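Data first, discussion second: the structure below is written as structure tokens.
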Amino acid sequence: MTRTRASTTAAAIASGDRRTLARAITAVESGDDSADALLRQVFPRTGRVPVVGLAGPLGVGKSSLVNLLTAHLRAAGRTVGIVAVDPSSPFSGGSVLGDRIRFDRRADDPGVFFRSMASRGAAGGVAASTRDVVRLLEAAGFDIVLVETVGSGQVDVAIREVATTRVVVLVPHLGDQVQTMKAGLFEIADVFCINKSDLPGAETAERDLAELASLGPAPDGWRARIVRTSTVVPSGIPELWTAVEAHERFRADSPGHAAEARRRLEEEIVGRVRDLLSGEIAERLATDPALRQLVDRVVARELDPRSAADRLLSATRR
């Protein structure tokens, strides 16, 4: 995509052209090189809206919460962009849950845009391209962006690098689950949401989480809020959003806000360089006879993998 075309596409997205936005997201998901120029164009208009991530194990009701949160925000006149990261099909690589037919939305509501993405095996329950899709939604002018992760439990932590506020969703009868998931959950949670709180055990779950949260605030000084919700009654949705807004205000007023934003961008740059180098080396291994011989030497135990990696890196730098 030329710079002029990228500029035209970016302008169309900013003006509310949903078809252009959908095509741009498809280009990002498929790894189309044409998306690079567009992402460069929209980047200056990103980083200004709340990006709320909902993480937690499968079956806790994250999608139902997204439904009710969206309805709550629309009633308040806020526009919402939604990204749902779904498990990948082992056959096609596509999203197993498709277009998330369980997401209840009005097709004629221009204030809501929903996109389901395949995780494609990405660690942490977040597809590698999710960050770029979120930026396209920001550039499209949505007031809020919601990101629902694939639901991989304790390892569902990559959302911390995408979302400005992370909501960890759990259910009653946690028992030992709080202990087994303590490290991962406590590290990423800005808000704990006990969903299905109409079921017995909600008070016990809240008490267990309160004890966990009392161990100390996060390094930035924020202490995770705990909110009970039910998507059946329904209840607790306004309180959940109030907790999210409280964290967003805390974040905005925090002296370390700029440093945290810089850290996240530094990690993104390093990660992208790592991906580029990995792809380049894999391609050269597949086509360069000399490098293939290097692997043959490792297979024959004439050379160790660490030394082979050093030589590969040196060859890439030439």
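Here are the numbers for the structure shown:
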read-out	value
Any chance residue 36 is of a type in the set (D, E, K, R) and either buried (at least 17 other Cβ atoms within 10 Å of the Cβ) or closer than 21 Å to residue 264 by Cα (or both)	yes
Pair list, Cβ < 6 Å and 6+ apart or interchain, from region 253-267 residues that are part of a helix (DSSP H, G or I) to residues that are of a type outside the set (Lys, Arg)	264/161
Restricting region 189-228 to residues that are among the small types (Gly, Ala, Ser) and in a helix (DSSP H, G or I), the residue that is surrounded by the fewest Cβ atoms within 10 Å (Cβ to Cβ)	210
Where a residue in region 143-154 is modelled with pLDDT under 95 and its partner, wherever it lies, is surrounded by fewer than 22 Cβ atoms within 10 Å (Cβ to Cβ) and of a type in the set (Gly, Ala, Ser), with Cβ under 7 Å and at least six apart	148/63; 154/184
Residue satisfying condition, being farther than 24 Å from residue 144 by Cβ and either of a type outside the set (A, V, I, L, M) or assigned by TED's automatic domain parsing to the domain that holds residue 75 (or both), within set 211, 248, 239, 260	211
Set 105, 45, 100: member being within 20 Å of residue 132 (Cβ to Cβ), surrounded by 15 or more Cβ atoms within 10 Å (Cβ to Cβ), basic (Lys, Arg) and modelled with pLDDT under 90	100
Flag for residue 316 being of a type outside the set (D, E, K, R), at negative phi and modelled with pLDDT under 85	yes
Counted residues, region 257-270 - those being out of contact with any helix residue (DSSP H, G or I) (no Cβ under 9 Å at 6 or more places or on another chain) and surrounded by 13 or more Cβ atoms within 10 Å (Cβ to Cβ)	1
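The values are calculated or read from the model by the stated rules, or taken from the named source; none is laboratory data. Keep in mind that what you see is a predicted model, and the values were worked out from it rather than measured. Every residue, glycine as well, gets a Cβ built from its backbone with ideal geometry; the counts of neighbours run over all protein chains shown.
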